[in-house]
1. For Ser167, what residues show an amide H to amide H distance below 5 Å, using hydrogens built from the backbone and excluding near sequence neighbours?
2. Using θ = phi - 60° and the Karplus curve 6.51 cos²θ - 1.76 cosθ + 1.60, what whole-Hz ³J(HN,Hα) does each residue of region 372-386 get, with Gly and Pro shown as x?
3. Using only the heavy atoms of the protein chains and a 1.4 Å probe, how would Val127, Val305 rank by accessible area, largest first?
4. Could you go through region 10-19 in sequence order and give the Karplus-derived ³J(HN,Hα) for each residue, using 6.51 cos²θ - 1.76 cosθ + 1.60 with θ = phi - 60°, rounded to whole Hz, and x for Gly and Pro?
5. Tell me the accessible surface of Arg54 in square angstrom (1.4 angstrom probe, heavy atoms of protein chains only), to the nearest ten.
6. On a 0 to 90° scale, report how tilted helix 187-206 is relative to the longest principal axis of the chain, with both axes built from alpha carbons and the result rounded to the nearest 10.
7. Work through the residues other than Asp59 whose Cβ is under 13 Å from its Cβ and net out their charges, Lys, Arg +1 and Asp, Glu -1.
8. With a 1.4 Å probe and every protein chain left in place, tell me how much accessible area His47 has, in Å² to the nearest 10.
Amino acid sequence: MIERLKNFQFRTRILSGLGAINALGELSKSMGAKKYLLVADPSLESHGILESARKSLRDSGLSGEISLKVEPEPYLDNADSAADIGRDIQADIVIGIGGGSAMDTAKAASALLTNPGKAEEYVGLNVVKHPGIPTIMIPTTSGTGSEVTFTAVFTNRQTKAKGGINSIYMFPNVALLDPELTFSLPPDITASTGMDALTHAIESVTSLSSTIFTESLSLTAVRLISTSLRRAVYRGNDINARENMLLGSLFGGLALADAGVGAAHALAYPLGGNYRIPHGLANAVLIPHVMEFNLPAAERTMALVAQSMGESVESLSMRWSAEAAVDSVRTLCDDIGIPAGLSELGVPMDDIPMLVEGALKVTRPVENNPRKLGPEEAALIYEAAF
Ligand code: NAD
């Protein structure tokens, strides 16, 4: 009976504000921690961000180790390496700092500290059987929302298949948001990760699993991102834009954790697995084509997207409003320099059948897409995106 009811629950404590990184030590201590495993994006060392985290932890009397073995679009063995360090030092808290790649690696490392075996054994839904050790996630990109989701996404180094470790035990305990940590994000990564967040917001609102609870989160994310992404790309130290982007990404994450995503994500996964195309970039190139495809099946929700993007839709029919959403997303992509198509990303057109096969295996987004996505439809969207 309970499974059939609409379900929505915030599971992660959210703390945000300028300079929040300086509260990391106090926060960890208040959670009873003494020994930390810090899983970090290695590029943060050069921006002074890691030193701020270390100093705060040191000032509160905590000691620990750092794992910098985080690759963009991480492999499963990145999580195993981090967990090995955590086991050696008997860590009692895992802190993830970086984009989705570092946070996902940290979330999986926490689970591996209380569940036996290697990360590859836990790919799938609810395979993780025990809660991990406590976690704090600190995003430094505004894209994935991983700081509040129940998933950690990895590529299998051998098979190149991309998939998630999905479990209620993967929800982080705390998300610590500090917009200043995203100032150093270069314009191209700001653009592609920001479009990832917008794709989460759009696909969670058009999802067949969307609810009244998630719809309001999705649309708030659309509003925050569409009013701020251009500014964040072109003026990286605009505090208001960076703060809105971080919140937009978080709201998108909260929405997708319950409502799921759709075809753009299913079609993006094989592009990440086979050619290492960053997840946000793959989503950014695909989303206008997916919206066009979904339009007849999602007029109402796409009209709401147009409204949240600030389009003047009051005097338009629902159909025209929905089309305005597609145009608005296209214009945004052009404005922030998203590549025009998959050919620019070096994807060979002959690979479409292989890509279609991979995409249709990403079952949850395929099932949640508002318009049925079979092999022919998937191939048509890929072709349109070239
Ligand atoms: P990322 O973590 O791979 O980072 C992208 C690049 O930005 C890297 O080169 C990194 O070094 C750099 N970077 C990060 N922060 C920086 C900063 N402050 N200054 C300068 N450079 C910085 O990118 P991402 O898009 O955040 O994460 C992508 C991963 O997250 C993919 O594996 C994707 O599948 C996954 N993902 C997870 C979820 C989830 O809910 N867990 C959701 C969507 C995507």
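The values are calculated or read from the model by the stated rules, or taken from the named source; none is laboratory data. Computed from a predicted model, the values in this text were never measured in an experiment. Cβ atoms come from the backbone with ideal geometry, glycine included; neighbour counts cover every protein chain shown. Heads up: the accessible areas ignore ligands, DNA and RNA and are worked out on the full protein's heavy atoms, side chains in. Shrake-Rupley method; radii C 1.70, N 1.55, O 1.52, S 1.80 Å.
1. HN-HN under 5 Å from Ser167: Asn126.
2. Along region 372-386, the couplings run 4, 10, x, x, 5, 5, 4, 5, 4, 5, 4, 4, 4, 7, 7 Hz.
3. Val127, Val305
4. Running phi through 6.51 cos²θ - 1.76 cosθ + 1.60 with θ = phi - 60° gives 6, 10, 10, 6, 10, 10, 9, x, 4, x Hz.
5. For Arg54, the solvent-accessible surface is approximately 60 Å².
6. 70
7. With Lys, Arg at +1 and Asp, Glu at -1, the neighbours total +2.
8. 90
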